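Enquirer: Sharing a structure, written as structure tokens. Questions coming.
Every number in this text was worked out from the coordinates using simple rules, so none of it is lab data. In this text the structure is predicted, and so the values were computed from the model without any measurement. Neighbour counts are summed over all protein chains in view; Cβ atoms, including those assigned to glycine, are modelled from backbone coordinates with ideal geometry.
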Amino acid sequence: MKKKMIRNTLWLVFLVVGTFWIITNQQKKLEYHKIQGSIFGTIYSIKYQSDGDIQAQVTEELNRFDYSLSPFKESSVISKVNRNEEVELDSLFIKVFKRSEEISQISNGAFDITVAPLVNAWGFGFKQGAFPDSLAVDSLLQHTGFNKIKLIDNKIIKEDPSIILNASAIAKGYAVDIIGDLLKRKEIKNFMIDIGGEILAQGVNPDGQLWKIGINKPIDDPLAVNQDLELVVKLENKALATSGNYRNFYIKDGKKYAHTIDPKSGYPVQHNILSATVLADDCMTADALATTFMVVGFEESLEILKKFPEVEVCFILSDIDDKYKLEMTDGFKKLVLE
């Protein structure tokens with residue numbers, strides 16, 4: 001009896017080991033593919049290991065997303081909402097709106113997808129504006145505010161018809177998640193998705209190692225030609241998003257105006273965070289929190305972070321003599337390559 005049990009146990013072990021060896025070797029033989037293109041006014045790059053080409057499916061998903069949430073597309077759902085037209089809200093719009101509302105409430109309005117008129121007025125949005133004076137800012141503030149718009153029975157109800165939405169601070173992250181879900185449905189184990197710097201990585205890269213993602217030095221670089229890295233992190237089944245004020249900005253009368261607008265004051269933020277890089281389980285959360293942290297500043301970011309125990313962050317902060325310093329959560333430190 002014992003001999004039979006031993007034989008059965010050995011046979012089971014052999015099957016498990018053999019199956020694992022076959023799967024591992026099959027994975028090694030599969031090629032890595034790369035898909036590149038442009039969407040939402042930015043570029044995307046997707047690397048994945050598979051025995052097939054899924055570019056058509058990726059393009060279809062991105063187009064579906066573009067149709068829902070692109071403020072640059074007149075026929076999109078969000079554009080029709082902005083024009084107060086009758087439109088059937090799709091699942092993508094609803095998911096982004098609900099998550100935006102949650103983070104707006106958690107951040108006491110620091111994250112706000114109704115801030116588009118102010119962003120436009122300062123020259124950073126999908127419509128270019130002139131440099132606003134204080135009267136213009138005060139006027140625009142009357143027509144913004146996340147608490148002035150609700151989703152009721154799958155319809156957008158506005159307190160003020162002139163309110164418009166722009167989900168650019170969260171939509172790219174969600175698009176990354178949507179493509180990630182597509183790859184997982186295709187049973188693709190190893191991939192890295194990058195849409196405009198919002199990233200999701202799973203499994204390993206072509207070298208069989210964890211995906212390595214660089215974080216740029218916070219050097220003023222409006223043309224995005226500088227690629228000097230401050231640090232490199234390893235991503236293991238995580239999403240990463242960075243928001244910074246060292247690329248999208250301009251100088252007027254000797255003063256720097258960056259693209260992050262405080263929804264409460266109506267003015268570009270002025271504090272010591274140069275960039276915030278957020279690691280989270282999903283890219284939509286990482287994207288929205290990176291923007292939120294840029295708005296509220298370092299101390300308040302730490303308070304908000306307490307409500308997201310699964311999130312890790314690296315802040316690059318301005319210091320004396322035009323230098324900067326890094327502040328990282330313990331979990332983030334563990335992922336930094338030496």
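Enquirer: What spacing in nm lies between the two simple spin-label points modelled at residue 320 and residue 102, each 7 Å away from Cα in the Cβ direction?
Expert: Each label point is offset 7 Å from its Cα along the Cβ direction, giving 4.3 nm.
Enquirer: What are the principal axis extents of the Cα atoms in region 79-166, in Å, biggest first?
Expert: 39, 29, 21
Enquirer: Further question: Where does the charge balance sit around residue 335 when Lys and Arg score +1, Asp and Glu -1, over other residues with C-beta under 12 Å from its C-beta? Mind dumping the intermediate values first?
Expert: Working: positive: 212, 234, 238, 333, 334; negative: 236, 312, 330, 338.
Neighbour charge sum, excluding residue 335 itself: +1.
Enquirer: Now for a separate question. Could you tell me the calculated FRET efficiency between residue 185 and residue 94, based on Cβ-Cβ distance and R0 = 25 angstrom, to the nearest 0.05?
Expert: 0.75
Enquirer: What are the extents of the Cα atoms of region 132-212 along their three principal axes, in Å, largest first?
Expert: 57, 36, 13
Enquirer: Hey, another quick one. Ordered by residue, what ³J(HN,Hα) values in Hz, to whole numbers, does region 231-245 give under the Karplus form 6.51 cos²θ - 1.76 cosθ + 1.60, where θ = phi - 60° and Gly and Pro are x?
Expert: Listing the rounded values in order: 7, 10, 10, 9, 9, 10, 6, 9, 10, 9, 9, 10, 10, x, 10 Hz.
Enquirer: Could you pull out the GluC sites (Glu not before Pro) across region 102-202 that fall in loop regions by DSSP (anything but H, G, I, E, B) with no more than 16 other Cβ atoms inside 10 Å?
Expert: 159, 187
Enquirer: Mind checking which of 124, 137, 89 is farthest towards the positive end of region 79-166's charge dipole, using Cβ charges of +1 (Lys, Arg) and -1 (Asp, Glu) about the Cα centre?
Expert: Going by the charge dipole, the pick is 89.
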